[in-house]
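Colleague: One structure, as C-alpha cells, below. Some questions next.
The values are calculated or read from the model by the stated rules, or taken from the named source; none is laboratory data. Because the structure is predicted, anything quoted here is derived from the model rather than measured. Every residue, glycine as well, gets a Cβ built from its backbone with ideal geometry; the counts of neighbours run over all protein chains shown. When the accessible area is computed, the model is the full protein with side chains, heavy atoms only, and any ligands, DNA or RNA have been set aside. Shrake-Rupley method; radii C 1.70, N 1.55, O 1.52, S 1.80 Å.
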Amino acid sequence: MSIRKNIADSEAVLNWAARRIASYIRVVNRNTKWQRIGYEELDQLAEQGEPVIVVLWHQRLAQSPYFFPLDKGRICSITSSARAGSMVGRVQKLFGMDTIAMASKHKSNVAVSREVFGKIKKGISIGIAADGPRGPERVLSTVPLVWARTSGKRIFGITYSAQYGSEAGTWDRLLMPRPWRNRGVFLCREWTETVPRKASEEQIEELRQSLEQHMNDITAEADRMVGREPWSPEA
C-alpha cells in the first residue's frame with residue numbers, strides 16, 4: 001500500500017479534513033444573510049416526531065447540514081460508500097446528523113432499505129441527494145419514490161442558493177458559496193404527488209419525472225431570488 005493511500009485512509013487525516021470542511025460550512029452560514037422560506041409544514045412535522053423524506057440535488061450539498069430543522073427533529077443522511085461520500089457523512093455527523101452509507105460490495109440495496117425503514121419507524125427523517133452519488137447531474141433516481149411508496153411518508157424538496165459563489169469542476173458542479181458578505185435562501189416545498197402502493201413501472205417513471213421537475217423548479221426559484229442564473233442542461 002502506498003504512503004499516499006495510507007495518508008488518504010488515515011482516520012486522523014479524514015477527521016481533520018471533515019472538521020475543516022465543517023468549519024467552512026459554519027463560516028458561510030454565519031456570514032450570509034439568509035431567508036428561510038416554506039418551512040412551516042416541515043417544522044411542525046419535525047416537532048411532532050413525524051418523519052419525512054427530504055430530497056436535494058447533489059450540487060447543493062455544501063449547506064445541507066442546515067437544510068433540516070435539527071433543533072426540532074432528527075434526520076439520517078444517505079451517503080455514498082466511496083471516499084467522497086464517506087467524507088460527506090463525516091461532516092454531517094459533526095452537525096448532529098445520522099448517516100447510512102449506500103450499497104457497496106459489502107452491503108446490498110435491501111440491507112440499506114432495511115436500515116432506512118428502521119430509522120423511519122423510530123421517527124427519524126431520511127435525506128438523500130437523489131442524483132448522487134455519481135450522477136448524471138440532476139437526473140433523479142427512483143429511490144426516494146420507492147421509499148415513499150413503502151413507508152407512506154411525505155416527500156419534501158429542499159434547496160438553497162447564494163448570491164456569491166462558484167461552481168466546482170465536478171460532475172455535479174457543486175455550488176461553493178463565498179464565505180463572507182453573502183446573501184442566500186433556503187427553500188423548502190413539499191412534492192404533493194402520491195406514490196401508489198402498487199404503482200406500475202410507467203407510473204413510477206411519470207412520478208420520477210414529476211419529482212425531478214419539482215426539484216429543478218424550486219432550485220431555479222431559489223437561484224432567481226438571489227440573482228443567480230438558473231441551471232440548464234446545456235450550460
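Colleague: Quick one: count up the residues across region 9-40 that are among the aliphatic types (A, V, I, L, M), open to solvent by 60 Å² or more (accessible area, probe 1.4 Å) and within 30 Å of I218 (Cα to Cα).
Modeller: Qualifying residue count for the region: 1.
Colleague: A further question on this structure: Which of the following residues is out of contact with any Phe, Trp or Tyr (no Cβ under 9 Å at 6 or more places or on another chain) and acidic (D, E): E137, E202?
Modeller: Details: E137 fails: out of contact with any Phe, Trp or Tyr (no Cβ under 9 Å at 6 or more places or on another chain).
Among E137, E202, only E202 is out of contact with any Phe, Trp or Tyr (no Cβ under 9 Å at 6 or more places or on another chain) and acidic (D, E).
Colleague: Where residues in region 212-231 are touching a helix residue (DSSP H, G or I) at 6+ places or on another chain (Cβ under 9 Å) and open to solvent by 20 Å² or more (accessible area, probe 1.4 Å), which of them is farthest from A162 (Cα to Cα)?
Modeller: Filtering first and then ranking leaves W231.
Colleague: Quick test for you: out of R189, R197, pick the one residue that is of a type in the set (K, R) and outside any strand (DSSP E or B).
Modeller: R197
Colleague: If you check every pair at least six apart or on different chains, which have Cβ atoms under 6 Å apart with a residue in region 168-185 that is at negative phi and in contact (Cβ under 8 Å) with a residue 40 or more places away in the chain first and a residue that is open to solvent by less than 10 Å² (accessible area, probe 1.4 Å) and hydroxyl-bearing (S, T, Y) second?
Modeller: Every condition considered, the pairs that remain are V185/S161.
Colleague: What pairs can you find where one residue is in region 43-61 and among the basic types (K, R), the other is open to solvent by less than 20 Å² (accessible area, probe 1.4 Å) and at pLDDT 95 or above, and their Cβ atoms are less than 8 Å apart, with a gap of 6+ or different chains?
Modeller: These pairs meet every condition: R60/T159; R60/Y160; R60/S161; R60/L175; R60/T219.
Colleague: Say whether the condition of being surrounded by fewer than 16 Cβ atoms within 10 Å (Cβ to Cβ), under 18 Å from D223 (Cα atoms) and polar (S, T, N, Q) is met by at least one residue in region 141-164.
Modeller: There is no residue in region 141-164 that is surrounded by fewer than 16 Cβ atoms within 10 Å (Cβ to Cβ), under 18 Å from D223 (Cα atoms) and polar (S, T, N, Q).
Colleague: Scan region 24-80 for residues that are assigned to a loop (DSSP other than H, G, I, E, B) and acidic (D, E) and jot them down.
Modeller: Scanning region 24-80 gives E50, D71.
Colleague: Still on this structure: So, of the residues in region 185-211 that are touching a Lys or Arg at 6+ places or on another chain (Cβ under 7 Å) and within 19 Å of S64 (Cα to Cα), which turns out to be least open to solvent (accessible area, probe 1.4 Å)?
Modeller: Among those residues, the one meeting the criterion is F186.
Colleague: Looking at G127, G132, can you tell me which residue is under 26 Å from M225 (Cβ atoms), at pLDDT 95 or above, crowded, with 18+ Cβ neighbours inside 10 Å and among the small types (G, A, S)?
Modeller: G127
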